[in-house]
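To start, the structure under review is shown below, and the notes come after it.
Coordinate-derived values only; no laboratory data. What you are looking at is a predicted structure, and each value in this text was computed from that prediction instead of being measured. Heads up, the Cβs are rebuilt from the backbone with ideal geometry, glycines too, and the neighbour counts pull from every protein chain shown.
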């Protein structure tokens, strides 16, 4: 029986692929779990239109990320933080704080997954932060300075 996969099925194939499976497998597992549909003209047309919509959305997302990355690439930011005399921060700067900084200073909203940060920043000084989405990359610099009470 020829079916079109509606979702990725481990050991069988990816979403949108046309597969030839046994009748029992299709009737007892794939169809009841809504993981596949019987291959016919309507389902083929529906899957093709869904794929084209997803492609358009992905292209729009890539364009938006490209615009944001061009805007913030190579920008430097200063954050005043409380730190010890040795230069160790009392509170680490992580992805959430960097996202909030970019939202406040540059008026851009990014996802935490875009920030390539192995561990939170815990020391004063200049830090290079890499941003990455797919093949698109950007770099920002954060300079952590000791907060001086006045």
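At-a-glance table
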read-out	value
Label point distance in nm, residue 78-residue 107, each placed 7 Å from Cα along Cα→Cβ	2.3 nm
P(r), alpha carbons of segment 2-58 - 5 Å bins starting at zero, rounded %	4, 20, 30, 24, 13, 6, 2, 0
For the chain, built as a Gaussian network whose Cα springs stay under 10 Å, the top-fluctuating residue of 111, 23, 66	23
Antiparallel DSSP beta bridges within the chain, percent to nearest 5	75 percent
Nearest-ten-degree value, helix 95-106 long axis tilted from longest Cα axis of the chain	80 degrees
For the chain, calculated [θ]222 nm from helices alone, where every DSSP H run of n ≥ 4 adds -39500 (n - 2.57)	-10000 deg cm²/dmol
Compactness of segment 68-146, expressed as Rg and Dmax over alpha-carbon positions, Å	12.4, 41
Along each principal axis, Cα extent of the chain, largest first, Å	76, 29, 22
Whole-percent pair-distance distribution, where bins are 5 Å wide, for the alpha carbons of segment 106-145	6, 19, 28, 26, 16, 4, 1
